[in-house]
Amino acid sequence: MVKNKEIFYKELRNSINRMREQSNNTMDTIQILTKSSVIALHFLCYARKEGLLFLEEAARIEKVEEHLLGNELLRMIDLVINGTDPEIIEDVCMKRYYANDYSALESFVFLFYMDAMLDLQAGLSPVIVEESIKSYMPDQVVEQLKMIKKEEEKQNIIKSEDSWEKLYGRKFPFREAGSEYYIIRIVDYCVISMSNEDLQRLLRDVRNIYLIMLLKGLSGKAVKKIHDNISHRLDAMLMEDMESMGIVSSTDIADVAGRVFQIMLKLGKETQIKIPGGLDSIFEPCGIKEKAGQEYSLIRSCFLGMTNRDIQRVLKDIPQNTLSIAMIGWTTELRRIICENLSRPAAARIKNELNYYEYYGCTEKQIEEANEKVLTEIQKLEDCAEIFIWS
């Protein structure tokens with residue numbers, strides 16, 4: 001954004017008047033201005049997605065040096081990347097402008113590049129910068145830019161359709177460990193099962209950045225369902241952003257899935273959407289079985305046959321998370337005995353963890369392994385005569 005506007009607009013007007021006088025090369029002038037505008041718009045796109053530091057690589061991709069005043073544009077890019085103060089950039093550019101005997105077209109392009117780079121550095125809205133770039137150009141150039149943009153959007157849609165197709169066969173990466181896979185799978189199941197109208201209502205409340213991250217963790221069937229319920233323009237943008245984002249950790253995807261699930265619950269409570277099935281219906285496709293009604297008779301008989309002192313000795317050697325997972329299938333009576341033999345802070349932590357695991361769920365294998373560890377620890381201490389179990 002130019003600060004000394006009076007001098008800038010005066011020079012801009014002079015260059016435009018001189019270009020009008022040289023009307024014999026109108027078509028060439030239009031082509032050059034179109035190429036300059038396309039470069040500036042591409043830089044705007046690069047800066048939005050990758051940041052200002054990527055402009056140096058973008059200049060190489062766009063082969064800037066082959067265009068009119070490409071070397072001058074490269075100098076401006078270097079100044080922007082290095083974090084030079086905008087007023088200094090403007091001062092340096094104006095010195096370069098006056099030090100060279102530019103033609104009318106070169107003067108116009110130079111001033112155009114300078115203002116565009118300053119707008120990018122100022123971090124203005126992409127919509128505002130794009131309109132600013134177009135405002136410089138005559139109607140013939142603006143029409144060509146519209147045609148170029150339409151063709152680029154068409155190519156992006158074709159490219160994105162191919163990329164979406166590749167995702168349709170993706171299986172859900174279910175793993176036994178980690179509650180993050182459970183919440184992702186719940187959202188995956190809900191997306192697949194809900195109606196198109198409900199899904200469209202849900203997507204209206206989900207930010208694009210969350211949707212991009214969520215798509216990286218869903219199964220191919222859920223991805224296709226979302227793709228079929230968004231616009232062509234949005235699906236091209238999402239696919240492009242997904243590719244540029246790179247690898248995302250399962251923890252981050254799970255965090256986003258949790259946010260989406262909360263939105264889903266909120267809309268369901270307000271009866272704006274219908275969440276498919278009940279809680280049991282969601283558990284079953286996830287491979288989760290509630291163990292609340294099951295009793296582990298051997299462990300129960302061990303704890304009931306111990307004194308409080310022996311119970312406290314056993315609990316001392318069992319990791320907290322192992323105990324919390326094992327207690328998912330225990331009766332209320334057995335849970336009470338355990339909590340009574342823990343300190344108040346420890347009992348509170350166990351209860352919080354138990355609530356967490358019951359809400360997000362654990363696989364049957366995890367619960368069985370946790371109970372096996374508890375039983376192994378009891379048997380080990382009994383073999384060492386550190387505890388005694390009444391038969």
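The values are calculated or read from the model by the stated rules, or taken from the named source; none is laboratory data. Keep in mind the model is a prediction, meaning the values are calculated, not measured. Every residue, glycine among them, receives a Cβ derived from its backbone with ideal geometry; neighbour counts consider all protein chains shown.
Any residue at all in region 252-265 that is under 20 Å from Tyr46 (Cβ atoms) and of a type outside the set (Phe, Trp, Tyr)?
So far as region 252-265 goes, no, none of its residues is under 20 Å from Tyr46 (Cβ atoms) and of a type outside the set (Phe, Trp, Tyr).
Report yes if Val187 is in a helix (DSSP H, G or I) and at pLDDT 80 or above, otherwise no.
Considered against the rule, which asks whether it is in a helix (DSSP H, G or I) and at pLDDT 80 or above, Val187 comes out as yes.
Under 30 Å from Cys45 (Cβ atoms) and under 19 Å from the mean Cα position of the chain (by Cα): is that true of Met242 in this structure?
Values: under 30 Å from Cys45 (Cβ atoms): yes; under 19 Å from the mean Cα position of the chain (by Cα): yes.
Against the criterion (under 30 Å from Cys45 (Cβ atoms) and under 19 Å from the mean Cα position of the chain (by Cα)), Met242 qualifies.
Is it true that Val64 is within 25 Å of Lys95 (Cα to Cα), touching a Phe, Trp or Tyr at 6+ places or on another chain (Cβ under 8 Å) and either among the hydrophobic types (A, V, I, L, M, F, W, C) or surrounded by 12 or more Cβ atoms within 10 Å (Cβ to Cβ) (or both)?
It is false that Val64 is within 25 Å of Lys95 (Cα to Cα), touching a Phe, Trp or Tyr at 6+ places or on another chain (Cβ under 8 Å) and either among the hydrophobic types (A, V, I, L, M, F, W, C) or surrounded by 12 or more Cβ atoms within 10 Å (Cβ to Cβ) (or both).
Conditions (1) part of a helix (DSSP H, G or I); (2) under 27 Å from the mean Cα position of the chain (by Cα); (3) over 30 Å from Gly246 (Cα atoms); (4) of a type in the set (Ser, Thr, Tyr), marked per residue:
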position	(1), (2), (3), (4)
Met19	yes, no, yes, no
Asp28	yes, no, yes, no
Gln31	yes, no, yes, no
Thr34	yes, no, yes, yes
Phe43	yes, yes, no, no
Ala47	yes, yes, no, no
Leu55	yes, yes, no, no
Ile61	yes, yes, no, no
Leu74	yes, no, no, no
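I need the full set of residues from region 296-337 which are at pLDDT below 85, part of a helix (DSSP H, G or I) and of a type in the set (Ser, Thr, Tyr), in order please.
Passing the criteria: Ser297, Ser301, Thr332.
If only one of Lys380, Lys365 is modelled with pLDDT under 85, surrounded by fewer than 15 Cβ atoms within 10 Å (Cβ to Cβ) and not in a loop (DSSP other than H, G, I, E, B), which one is it? Write out each step before concluding.
Working: Lys380 fails: modelled with pLDDT under 85.
Among Lys380, Lys365, only Lys365 is modelled with pLDDT under 85, surrounded by fewer than 15 Cβ atoms within 10 Å (Cβ to Cβ) and not in a loop (DSSP other than H, G, I, E, B).
For Ile133, indicate whether it is more than 30 Å from Met264 (Cα to Cα) and at pLDDT 80 or above.
Taking the combined requirement at face value, the residue satisfies it.
Answer yes or no as to whether Asp28 is free of Cβ contacts under 8 Å to residues at least 40 places away in the same chain and either farther than 23 Å from Glu151 by Cβ or touching a strand residue (DSSP E or B) at 6+ places or on another chain (Cβ under 8 Å) (or both). Full working, then the answer.
Numbers: free of Cβ contacts under 8 Å to residues at least 40 places away in the same chain: yes; either farther than 23 Å from Glu151 by Cβ or touching a strand residue (DSSP E or B) at 6+ places or on another chain (Cβ under 8 Å) (or both): no.
The answer is no for Asp28.
Looking at this structure, is Ile226 assigned to a loop (DSSP other than H, G, I, E, B) and under 23 Å from Lys49 (Cβ atoms)?
no
Based on what the data block shows, is Glu87 in contact (Cβ under 8 Å) with a residue 60 or more places away in the chain, part of a helix (DSSP H, G or I) and among the acidic types (Asp, Glu)?
yes
Which pairs turn up if I take residues in region 210-222 that are part of a loop (DSSP other than H, G, I, E, B) and look for partners that are crowded, with 20+ Cβ neighbours inside 10 Å and charged (D, E, K, R) with beta carbon separation below 7 Å, at least 6 apart in sequence or on another chain?
Qualifying pairs under 7 Å: Leu218/Asp188; Ser219/Asp188.
Are there any pairs with C-beta distances below 7 angstrom linking a residue in region 121-132 that is assigned by TED's automatic domain parsing to the domain that holds Thr34 to a residue that is surrounded by 15 or more Cβ atoms within 10 Å (Cβ to Cβ) and charged (D, E, K, R), with the two at least 6 apart or on different chains, and if so which?
Within 7 Å, the pairs are Val129/Asp119; Ser132/Asp119.
Tell me the residue from Gly268, Gly258 that is out of contact with any Leu (no Cβ under 7 Å at 6 or more places or on another chain), under 13 Å from Ile183 (Cα atoms), in a helix (DSSP H, G or I) and in the same structural domain as Val191 (by TED's automatic domain parsing), please.
Of Gly268, Gly258, the one residue that is out of contact with any Leu (no Cβ under 7 Å at 6 or more places or on another chain), under 13 Å from Ile183 (Cα atoms), in a helix (DSSP H, G or I) and in the same structural domain as Val191 (by TED's automatic domain parsing) is Gly258.
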